[in-house]
1. Would you kindly state how much longer the chain becomes between Thr64 and Asp22 on full extension, computed as 0.36 nm times their sequence separation minus their alpha carbon distance, in nm to one decimal?
2. So which residue, out of Ile240, Ile134, Ile215, gets the largest mean-square fluctuation from a GNM of the chain using Cα contacts under 10 Å as springs?
3. Sorted by average packing, counted as other Cβ atoms within 10 angstrom per residue and highest first, what order do 30-36, 78-84 take?
4. Pick out, from His133, His281, Met103, the residue whose Cα sits farthest towards the positive end of the charge dipole of the chain, with +1 on the Cβ of Lys and Arg and -1 on the Cβ of Asp and Glu.
5. Taking the Cα-to-Cβ direction at Leu188 and at Glu259 and moving 7 Å from each Cα, how far apart do the two end points lie in nm?
6. For the chain, what does the relative contact order come out to in percent, with C-alpha contacts under 8 Å and a separation of six or more?
7. Considering the convex hull of the alpha carbon atoms of the range 186-253, report its projected area averaged over all viewing directions, in nm², one decimal.
8. Around Glu101, under 12 Å between beta carbons, what's the net of Lys plus Arg minus Asp minus Glu among the other residues?
Amino acid sequence: MSRISALSICLLTALSIPALADIKVVASIKPIQSIAAAVMHGAGTPALLVDAASSPHTYTLTPTNAGALQEAQLVLWIGPELEAFLKKPLQSLGGNAKQLELMKTQGLKLYPVREGHSHEGEETHDDEASDPHIWLSPFNAAVMANTIAAELAQLNPEKSSLYNGNAAAFIKELEATETAIKASISALEPAKVIVFHDAYQYFEKHFGFGESEAISIHPENPPGAAALKAIREDIKADNIACVFAEPQFDRKLVDTVIEGTEVYVGTLDPYGSTLPDGPGHYIATLKALAADWRKCFG
């Protein structure tokens, strides 16, 4: 056989071997999709379930979502504490889909749901429950990035070096962002703020912001008139610096709370809903939260 013929056979054989397909990944919320997209960069893009205008606390699964779940090889979600709408659909998935419940990730820094942030008449959480807003801690984001990389490497060992390298690059950029945010708030005096719901303790504790008070512990269970009156009295009595709304929820509650006061009203978005999807979304969300919080200080 001539060298040219042998080369032709090799080329034809190579062309006949299908390229290894990217892993089909579905993520519940934008920050988790972003971390996964950073880890997967160059090897596919994870699909997103909860659209930008919605909150996972109150979301309802759509037919399109259901189809994406059925095709997924890996589903990334926080857990039933945040995305209750996923609990039953994930139980009915076939055996081909791996589910990664990120609240159970080893090495996370978890905080219990805070006491003293609800008002009389409000339903409270289980005393042993952990706060599910874990992605708002950069420490936890780094842990999750490494966990997602390890999970993807098990599903697709040929690309393990890509996943691990991407996770390391993401964490390096994350550490630089942390340093910049901490420098930008180092001269700020702690101030008491009111947020729409109690989602921010991971962010507050990581960066050293003052502890917030929440209008509602459960966004799906708005406070009653008595609770709103109590919060309004807190604003007047405690010299609250700011009240923050959230774009996923109607601002009427916030307007009711601030009625008759001159308190600054801002917006905090724990999901980065208006920011572009993709690998850079998570870090952009941290920067936006820090910038919006700083506005409270004038």
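The values are calculated or read from the model by the stated rules, or taken from the named source; none is laboratory data. Keep in mind that this is a model prediction, so the values were computed, not measured. In this analysis, Cβ positions are derived from the backbone assuming ideal geometry, glycine residues included, and neighbour counts consider all displayed protein chains. Quick note on the areas: whole protein, heavy atoms, side chains included, nothing else; ligands and nucleic acids left out. Shrake-Rupley method; radii C 1.70, N 1.55, O 1.52, S 1.80 Å.
1. Values: separation 42, 0.36 × 42 = 15.12 nm, distance 2.04 nm.
Difference between extended and current length: 13.1 nm.
2. Residue with maximal mean-square fluctuation among Ile240, Ile134, Ile215: Ile240.
3. On the way: 30-36: 27.4, 78-84: 19.4.
Result, highest mean Cβ count within 10 Å first: 30-36, 78-84.
4. Checked the options; the winner is His281.
5. Here the answer is 3.0 nm between the modelled labels.
6. Numbers: 443 pairs, mean separation 58.4, N = 298.
Once divided by the residue count of the chain, the mean separation gives 20 percent.
7. Details: hull surface 20.0 nm².
Orientation-averaged projected area of the Cα hull: 5.0 nm².
8. Details: positive: Lys87, Lys98, Lys104; negative: Glu81, Glu83, Glu151.
Computed value for this residue: 0.
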